[in-house]
Amino acid sequence: MIASIDILESGLAVCLLVIVIGCLFDRHLLRACWLLVLFALLMGVAWWYLNAPWLALVEVVLGSALTGGGFVYALYALSHQSPLIPRYDRSRVNWSHRMTKGLLTVAWSIMLGVAIQFLLPDMALSLTAHPLILSSVVIVSVGMGAFALHRHLLRRLMAFNVLGSGVFLMLAGMAGTSPSAQALITVGIIIAWLGSLLGILIIRQLVVQEGSAALNDEQASVGSPS
């Protein structure tokens, strides 16, 4: 029974990581938005597995329905507002820039995991015994790397959401899923949702004022288009 539970948690952790990578690095914006919705649903399952049903409900409502749905709606609204806005991010950065960001992401992930393991040995949920908590370290690192790498504003906002979800999962590993910890994480999820909503509204206003160029400033991109 214990082995089956470990396999189930490991499978859930792997699925979360696969969806995160697909969401953050898929250049098809609509597909990335739907992957974000799927990621939020899997996060709800993860919270349920960690005996936090209240957080599971909050994640499904705020993370999947409102935040993920908000991204899908924003993409459709921006497309109708300006037909020139593509649903595919074609910006390019050179390989040296990508490798630098990738190596920094790996280094950050290793340092973060080591710091948690040795500086916080009394975590409520062990980093090595719980694959979901271990996956939170990778989710945070990948989210930070994607936020630094991407130039498209919607993709950067997605990375911000994924990064926040990883942080909340990491907090659960540190503090557990007691009612007080769930209340604290719930406040964080609500603040993240409000931040995402504000970001979507700001992006929409930028598009109204500057057009599709506001979504991706080519002059800020590293390297030249391929």
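Bear in mind these aren't lab numbers, they're just calculated from the coordinates by the rules spelled out. Since we're looking at a predicted model, the values are computed, not measured.
Helix 2-25 and the longest principal axis of the C-alpha atoms of the chain enclose an angle of approximately 10°. For the chain, the ratio of Cα radius of gyration to the globular rule of thumb 2.2 N^0.38 Å stands at 1.04.
Across the chain, Cα pairs under 8 Å and at least six residues apart give a relative contact order of 25 percent. Could you work out how much longer the chain between Trp108 and Leu17 gets when fully extended? Use 0.36 nm per residue separation minus the Cα distance between them, nm to one decimal. Result: 31.1 nm gained on full extension.
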